[in-house]
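**Student:** Please see the structure below; I have some questions.
The values are calculated or read from the model by the stated rules, or taken from the named source; none is laboratory data. This is a predicted model, so every value here is computed, not measured. Glycine gets a Cβ as well: all are built from the backbone with ideal geometry, and neighbour counts include every protein chain shown. Each accessible area value is taken on the protein alone, full model and side chains, heavy atoms only, with ligands, DNA and RNA left out. Shrake-Rupley method; radii C 1.70, N 1.55, O 1.52, S 1.80 Å.
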Amino acid sequence: MGEITMGVSWIGVIVGAVAAFLAGWLWYSPMLFGKGWAAGHGIQLGTAQSMPFGAMAAQIIGLFLLSWFVGVTAAAGHLVTLILAVLAFCVLQASGSMFTRKPGTVIVTEAGYWIVAAIIMVIAQAIF
């Protein structure tokens, strides 16, 4: 267990996860890509009160785990591993979206968010 906790900046992990969550709120808002993303899914954007609690909880947990992974790779000096993992995840997510015939707007919006989230987490590790 030491290799996944030793040298990790836990403040960087938490700040990275929270900042990435807030970036997602902006990313999927009507101000940026939310309208096109929602239209691509055939749904309407709701309000913060109408968000599904389970999905939001899973998002927070997933962002924390990704931020922890960023912290582990940063502490070990293996950021190339992080880049490969994020790119692999984005390509696999995109392929799954293509199988379900999601529009290109949805695919690019979702993959773009994960790349931005990872960059935010790397920056948080560098700062903290």
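**Student:** Mean-square fluctuation check for the chain, GNM, Cα pairs under 10 Å: which of P103, P52, P30 is largest?
**Tutor:** In the Gaussian network model the winner is P52.
**Student:** Could you give the alpha-carbon Rg of the chain over 2.2 N^0.38 Å, rounded to two decimals?
**Tutor:** 1.11
**Student:** Could you tell me which of rounded, prolate or oblate describes region 79-128, using a ≥ b ≥ c as the square roots of the eigenvalues of the alpha-carbon gyration tensor, with rounded for a/c under 1.5 and, failing that, prolate when a/b is larger than b/c and oblate otherwise?
**Tutor:** The shape class here is oblate.
**Student:** For a quick protection proxy, order the peptides 91-99, 13-21, 104-112, 69-77 by their average other-Cβ count within 10 Å, most packed first. Intermediate values should be presented prior to the final figure.
**Tutor:** Values: 91-99: 12.3, 13-21: 21.7, 104-112: 16.9, 69-77: 20.1.
In decreasing order of mean packing, 91-99, 13-21, 104-112, 69-77 become 13-21, 69-77, 104-112, 91-99.
**Student:** Helix by helix, which DSSP H runs in the chain go 15 Å or more along their axis at the Cα atoms and have an average Kyte-Doolittle hydropathy of -1.0 or more?
**Tutor:** 10-27, 53-76, 79-99, 104-127
**Student:** Here's something else I'd like to know. Per the 1.4 Å probe, what fraction of the accessible area of the chain, in percent, lies on carbon and sulfur atoms?
**Tutor:** Accessible surface attributable to carbon and sulfur in the chain totals 77 percent.
**Student:** Given the Cα atoms of region 1-73, and with Rh set as the inverse mean 1/r over their pairs in the Kirkwood sense, what is Rg to Rh to two decimals?
**Tutor:** 1.10
**Student:** With a probe of 1.4 Å, find how much accessible area region 35-128 has per residue, and write the answer as a whole number in Å². Please list the in-between numbers first.
**Tutor:** Working: 5760 Å² over 94 residues.
Value returned for region 35-128: 61 Å² of accessible area per residue.
**Student:** Suppose R0 equals 41 Å; then what is the FRET efficiency for W10 and F99 from their Cβ-Cβ distance, rounded to the nearest 0.05?
**Tutor:** Calculated transfer efficiency: 0.65.
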